[in-house]
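Undergrad: First the structure, then my questions, so here it is.
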Amino acid sequence: MGSVFPGRFTAQSDEPFVVFLIGMRVNRLLALRSWTRVAAAMPPMIAELRRNPALGLLHAEFFFYWRGVGVIQYWRSFDLLHAYAHARDAAHLPAWAEFNRRIGGNGSVGIWHETYTVAPGQYEAIYANMPRFGLARATEHVSATGRLESARSRIGKPDLPEAAPHQN
């Protein structure tokens, strides 16, 4: 995964970006052939995107949860993500067609995704004693010092003044 950076770091970007979460859920554990085929479709897509940075993927991280696997993806823009999803010469459309042909609505495997567009200054991240990870791999990995020291300042909200005693 990479070297551990001792101390506190954050992710920094002056450009908007997209966070795309996608995954699958095994609904029928005994339908092994169904869900292994679905799970096997994502790694070639990520490899294709990593080989060609112009397609817009900044970084991807796989994760596992009970009954499923997912990928956190960071994209340069929604338009690039959408273009990849609909590109006739890319790996996604054949995988999507196969899912619909083999699984369709039979319920053995579920798939999901969520898409978030993020403006500069509208996110916050902290990594303590970690290798570069997540958003910090997709953007700039910087020391969390000075104005980047607190969560409020990282997300662009000034620190709150000391609370005054409540008066009736």
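Undergrad: From the helices alone, meaning DSSP H stretches of at least four residues, give me the mean residue ellipticity at 222 nm for the chain, per-run term -39500 (n - 2.57), in deg cm²/dmol to the nearest 500.
TA: -8500 deg cm²/dmol
Undergrad: In percent, how large is the relative contact order of region 17-118, given Cα pairs closer than 8 Å and 6 or more residues apart?
TA: Over region 17-118, the number comes to 48 percent.
Undergrad: How much length is gained on full extension from Thr145 to Leu93, taking 0.36 nm per residue of separation minus their Cα-Cα distance? Don't skip to the end; give the middle numbers.
TA: Working: separation 52, 0.36 × 52 = 18.72 nm, distance 4.41 nm.
Taking 0.36 nm per residue and subtracting the Cα distance, the gain is 14.3 nm.
Undergrad: Kindly provide log₁₀ I(q)/I(0) values, in the same order as q = 0.13, 0.23 Å⁻¹, from the Debye equation applied to equal alpha-carbon scatterers of region 42-84.
TA: -0.29, -0.77
Undergrad: By counting other Cβ atoms within 10 Å of each Cβ, how are Ser153, Ser34 ranked from fewest to most?
TA: On the way: Ser153 15, Ser34 19.
Neighbour counts put them in this order, fewest first: Ser153, Ser34.
Undergrad: Using per-residue counts of other Cβ atoms within 10 Å, averaged over each peptide, order 74-87, 51-64 from highest down. Don't skip to the end; give the middle numbers.
TA: Details: 74-87: 16.3, 51-64: 14.7.
Final packing ranking: 74-87, 51-64.
Undergrad: Dipole of the chain (Lys/Arg Cβ +1, Asp/Glu Cβ -1, origin at the Cα centre): which of Ala11, His59, Val69 lies farthest to the positive side?
TA: With unit charges placed on the Cβ atoms, the residue in question is Val69.
Undergrad: Based on Cβ point charges of +1 for Lys and Arg and -1 for Asp and Glu, what charge dipole magnitude is obtained for the chain about its Cα centre, in debye rounded to the nearest 20?
TA: Working: 18 positive and 13 negative charges, 158 e Å.
Dipole magnitude for the chain comes out near 760 debye.
Undergrad: Can you tell me the orientation of helix 92-102 relative to the chain, as the angle in degrees between its alpha-carbon axis and the longest Cα principal axis, to the nearest 10?
TA: Helix 92-102 sits roughly 50 degrees off the main axis of the chain.
Undergrad: In addition: By average Cβ neighbour count within 10 Å, what is the ranking of 99-112, 16-29 from highest down?
TA: Put in order of decreasing packing, that is 16-29, 99-112.
Undergrad: Along the Cα→Cβ direction, 7 angstrom out, place labels at Leu21 and Arg102. What is the inter-label distance in nm?
TA: Each label point is offset 7 Å from its Cα along the Cβ direction, giving 2.6 nm.
Undergrad: Would you mind checking the tilt of helix 32-51 against the longest principal axis of the Cα atoms of the chain, expressed as 0 to 90 degrees and rounded to 10?
TA: 60
Undergrad: Run through all the Cα pairs of region 63-123 and give the fraction in each 10 Å bin from 0, expressed as whole percent.
TA: 16, 40, 35, 8, 1
Undergrad: Binning at 10 Å from 0, report for the chain what percent of all alpha-carbon pair distances ends up in each bin.
TA: P(r) for the chain, in whole percents per bin: 9, 31, 29, 18, 9, 3, 1.
Undergrad: What is the pair-distance distribution P(r) of region 90-141, computed from all Cα-Cα distances in 5 Å bins starting at 0, with each bin given as a whole percent?
TA: Histogram of Cα-Cα distances, whole percents per bin: 4, 13, 16, 13, 11, 11, 13, 13, 5, 0.
The numbers here are math on the coordinates, done by the rules we state, and not lab data. Being a predicted model, the structure only gives us computed values, none of them experimental. Neighbour counts are summed over all protein chains in view; Cβ atoms, including those assigned to glycine, are modelled from backbone coordinates with ideal geometry.
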